[in-house]
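Only one structure is covered here, and it is reproduced in the block below.
The values are calculated or read from the model by the stated rules, or taken from the named source; none is laboratory data. All of these numbers come straight from a predicted model, not from anything done at the bench. In this analysis, Cβ positions are derived from the backbone assuming ideal geometry, glycine residues included, and neighbour counts consider all displayed protein chains.
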Amino acid sequence: MNQICIFGVFVADLSFFGNKIPTRGETILGNKHLVGPGGKGSNQAIAAARLKGKVNFITKVGKDHYADMAFSYYKEAGVNTSSVIQDPNLSTGVAGIMINETGHNAINIVPGAAAYLNNEDIDKNLEVIKKSKIFLTQMETPDLTTIYALKKAKQNNCLTILNPAPARKVNKEDFSLLDFFTPNEIEAEFYLNKKIHTEEDMKYAAKQFLDMGIKNIIITLGAKGVYFANKDENYFIEAFKLKKSVVDTTGAGDAFNGALAVALAMGYTYKDSVIFANKVGGISTTRLGAASSMPLLKEVEEY
């Protein structure tokens, strides 16, 4: 399999479960709390490694017990950590996650050490990017460094994937760096500054993204499935039929993107890659946690 390079953030997820997500000024009594690994880039790296992807992860953490937790999970999953930078002067990031009884969530992320990732960190790990077929990143890392990394990936013939989470401004000229753009419905609306309600809205939204210079647009729609479009084809894929109820959607997007990277690295067609990613993302919602919800390849094949 071709190698995958993922650039992103690790944070420790502090997850709080209750009947509802509290509104402003409200205090509620919860029923469970978990501490585990999180951060979109880290989740995606673990997801891809559990699917037998050859994953190199570029990030920055502190030297503390949360960083120890990260390395423990990477070792277990099989993520190459040679590009994980440790800075003893910085703290590893954390995220506070509120999860209601239907599995929906609200998240506040403090990136910590990862907020200090810079272009020099990319240059020091350029060989990792050069050896990779797929380069995947998100929007939790500093904006300028994220775009710099994407430029370096394109210069070295990587297939680039940007998962725009959380949605943040991207300069128009930088969309041409993207082979795959994978927003969810809300993120897509952010970039187009309009609501997407109907199938026709979706098709028109995809055309607008393609007109920006993106090669392939994938809009994830949760329980409604996935929409894919490029200059040659477009189609909907229904949500994967699950054997169990949804309990936690926290890591579903990360499971999807990690699986997409693996499928593309394995040489799947674009459609088969999206179908595979859709299945992995669906399975992850039947389990609690983010990184801990990512299925193994064997589990996906046997599901």
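Observations
- Against the test of being out of contact with any helix residue (DSSP H, G or I) (no Cβ under 9 Å at 6 or more places or on another chain), within 16 Å of S293 (Cα to Cα) and either surrounded by fewer than 18 Cβ atoms within 10 Å (Cβ to Cβ) or not β-branched (V, I, T) (or both), the options H104, H65 yield a single qualifying residue, H104.
- Number of residues in the stretch 223-251 that are assigned to a strand (DSSP E or B) and among the aliphatic types (A, V, I, L, M): the value is 3.
- Single condition A47 does not satisfy, out of (1) of a type in the set (G, A, S); (2) over 26 Å from I134 (Cβ atoms); (3) surrounded by 15 or more Cβ atoms within 10 Å (Cβ to Cβ): (2)
- Residue list for the stretch 250-277, restricted to those being surrounded by fewer than 23 Cβ atoms within 10 Å (Cβ to Cβ), touching a strand residue (DSSP E or B) at 6+ places or on another chain (Cβ under 8 Å) and either polar (S, T, N, Q) or more than 27 Å from N234 (Cα to Cα) (or both): none
- Of N234, N230, all but one fail to be surrounded by fewer than 19 Cβ atoms within 10 Å (Cβ to Cβ) and free of Cβ contacts under 8 Å to residues at least 40 places away in the same chain; the exception is N234.
- Inside the stretch 1-18, residues that are under 16 Å from N100 (Cα atoms) and at pLDDT 95 or above make up a count of 1.
- Selection within the stretch 188-222 - among the aliphatic types (A, V, I, L, M), under 22 Å from K154 (Cβ atoms) and either under 19 Å from the mean Cα position of the chain (by Cα) or part of a loop (DSSP other than H, G, I, E, B) (or both): M212, I214, I217, I218
- Output for the stretch 155-173, where each listed residue is part of a helix (DSSP H, G or I) and within 18 Å of P183 (Cβ to Cβ): K172
- Subset of the stretch 1-43 (residues that are under 30 Å from C158 (Cα atoms) and assigned to a loop (DSSP other than H, G, I, E, B)): M1, N2, G8, V9, F10, G39
- Residues (of a type in the set (V, I, T) and either under 13 Å from G289 (Cβ atoms) or in contact with a Leu (Cβ under 8 Å, 6 or more places away or on another chain) (or both)) located in the stretch 14-43: V35
- Where a residue in the stretch 170-191 is closer than 18 Å to F236 by Cβ and in contact (Cβ under 8 Å) with a residue 40 or more places away in the chain and its partner, wherever it lies, is of a type in the set (S, T, N, Q) and in a helix (DSSP H, G or I), with Cβ under 6 Å and at least six apart: T182/N257
- P111 being touching a residue at least 24 places away in the same chain (Cβ under 8 Å), surrounded by 22 or more Cβ atoms within 10 Å (Cβ to Cβ) and farther than 26 Å from A265 by Cα: yes
- Any chance I122 is in contact with a strand residue (DSSP E or B) (Cβ under 9 Å, 6 or more places away or on another chain) and at pLDDT 95 or above: yes
Okay, residues lined up against (1) touching a helix residue (DSSP H, G or I) at 6+ places or on another chain (Cβ under 9 Å); (2) of a type in the set (A, V, I, L, M, F, W, C); (3) touching a residue at least 24 places away in the same chain (Cβ under 8 Å):
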site: V128; (1), (2), (3): no, yes, yes
site: L144; (1), (2), (3): yes, yes, yes
site: Y148; (1), (2), (3): yes, no, yes
site: L159; (1), (2), (3): yes, yes, yes
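- When the stretch 149-190 is limited to residues that are aromatic (F, W, Y) and buried (at least 19 other Cβ atoms within 10 Å of the Cβ), the one that is nearest to I4 (Cα to Cα) turns out to be F180.
- Residue check, K152 within 17 Å of L177 (Cα to Cα), of a type in the set (K, R) and touching a residue at least 60 places away in the same chain (Cβ under 8 Å): no
- One residue stands out among those in the stretch 236-261 that are of a type in the set (A, V, I, L, M, F, W, C) and within 11 Å of the chain's Cα centre (by Cα): the one that is modelled with the lowest pLDDT, which is A252.
- Those strands (runs of 3 or more DSSP E) of the stretch 44-146 in which 2 or more residues are under 30 Å from E301 (Cβ atoms) occupy 54-61, 92-99, 132-137.
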